[in-house]
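Comments concern the structure below.
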Amino acid sequence: MADIAFIGLGNMGGPMARNLVQAGHGVVGFDVAPAALQAATANGVEPAASAAEAAGRAPIVITMLPAGAQVREVHTGAGGVIAAAGEGALLIDCSTIDVASARAVHAAAAEAGHEMLDAPVSGGVAGADAATLTFMAGGSEAAFARAKPVLAAMGRTIVHAGAPGNGQAAKVCNNMILGISMIAVAEAFTLGERLGLEPKTFFDIASKASASCWAMLNHLPVPGIVETSAANRDFKPGFSAAMMVKDMGLSQEAAGLAGAATPLGAAATALYAQFVEAGHGELDYSAIIKLIREA
Ligand code: NAD
């Protein structure tokens, strides 16, 4: 028996599983991509032949999968995690998915007698690598208390956001703010340049004034001013524009279901989608400034 099963060993899951091993946990893993499983094995993860086999070998099962469809399939599909996990297992889904899928999987887990948390992350591949992720978790107090020491091996900030699905709700709302605010920064820096302001001078003013925000301070879309900006590296991500389209789309899906008006969210979603459709999905999301400049 291992301590933890880890399913989905990609760009995020790979380093997260490695950090669990380094913290002293026995980790059994599975990924449909043989290369991902092989890389995890080299980091001390025991390979399993299927998600069900991995889930049957540990009391805690973590998933880090692309989207809601895969999370539903891996949990509730034939030979899925919920059927294979032992009695009273704790299931922690760290993927970023739609709130409705998260709540459906929670309900299926509860029916089978398992505890579950949706615990999406912020911090990207660098945060996964350095074990500095932020986890926002939805589920019961008991599930949160049980998960917290495990999540602490992969992250620095672990917040209980409330009921099932609320971790995903916090994640989409957070990323909608990030997506909108990056476009605001890109528009203002473009306008400033056209008005004859030096970007560095404007940054020194705006970053200390009422316009200051996380996107500006950390991911300024103009090179040579903020060390952590992808703009310094020809917009190599970072957090890709394609990922931003995914997360903005989730915010719009959630807004539709909840009956919440998000006019700026909708406009920002359309701009990122246009940028990705023009073939720039692999650039950092802050490269949206190119679209603003060319408009
Ligand atoms: P990724 O594509 O690198 O990894 C996903 C892994 O899941 C792949 O290795 C894939 O083979 C595997 N997989 C797919 N279907 C499977 C199945 N049925 N069974 C087992 N394995 C399966 O993606 P990623 O960048 O690691 O992202 C994972 C999740 O984390 C996504 O939901 C993403 O939105 C979220 N996220 C990513 C970042 C980031 O910067 N990359 C940041 C925050 C959140």
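General remarks:
- Distance between the pseudo-spin-label points of A242 and A67 (7 Å out from Cα toward the beta carbon): 1.2 nm.
- Spacing of the two label points (7 Å from each Cα toward its C-beta) at T201 and T41, in nm: 6.1
- Beta-bridge orientation, region 3-162: approximately 10 percent antiparallel, per DSSP, counting only bridges with both partners inside.
- The chain, relative contact order [Cα under 8 Å, separation at least 6], %: 13
- When peptides 92-103, 68-79 are ranked by their average number of other Cβ atoms within 10 Å per residue, the highest-first order is 92-103, 68-79.
- Legend: translational diffusion of the chain by Stokes-Einstein, Rh = Kirkwood radius over C-alpha pairs, 20 °C, 1.002 mPa s; D = 108 µm²/s.
- Cβ-Cβ distance of V125 and V159, R₀ of 25 Å, FRET efficiency by 1/(1 + (r/R0)^6): the value works out to about 0.75.
- Positive-end residue of I7, A51, M136, charge dipole of region 1-158 with Cβ unit charges: M136
- 1.4 Å probe accessible area per residue over the chain, in Å²: 44
- Rounded, prolate or oblate (a/c below 1.5 giving rounded, otherwise prolate when a/b exceeds b/c) for region 3-162 by Cα gyration tensor: rounded
- Taking 0.36 nm per residue of separation and subtracting the Cα-Cα distance, full extension of the segment from A152 to S50 would add 34.1 nm.
- Charge dipole magnitude, Cβ of K and R +1, D and E -1 - region 3-162, Cα centre, debye nearest 20: 280
- Taking Cα centre as origin and charging only the Cβ of basic (Lys, Arg, +1) and acidic (Asp, Glu, -1) residues, the dipole magnitude of the chain rounds to 420 debye.
- Extension gain from A258 to A188, taking 0.36 nm per residue of separation minus the Cα-Cα distance: 22.1 nm
- Antiparallel bridge percentage (DSSP; both residues within the chain; nearest 5): 15
- In region 3-162, a dipole from Cβ-located charges (positive for Lys and Arg, negative for Asp and Glu) runs towards its positive end, and of A42, M116, I62 it is A42 whose Cα lies farthest in that direction.
- Over 25 Å between alpha carbons, listed pairs K200/K246; K200/K236; K148/K246; K171/K208; K200/K290: K200/K246; K148/K246; K171/K208
- 0 to 90° range, to nearest 10: angle between helix 141-151 axis and the chain longest Cα axis: 80
The values are calculated or read from the model by the stated rules, or taken from the named source; none is laboratory data. As the structure is a prediction and not an experimental result, all values here were calculated from the model. Note that we place each Cβ from the backbone using ideal geometry, even for glycine, and neighbour counts take in every protein chain shown. The area values use the complete protein model at the heavy-atom level, side chains included, leaving out ligands, DNA and RNA. Shrake-Rupley method; radii C 1.70, N 1.55, O 1.52, S 1.80 Å.
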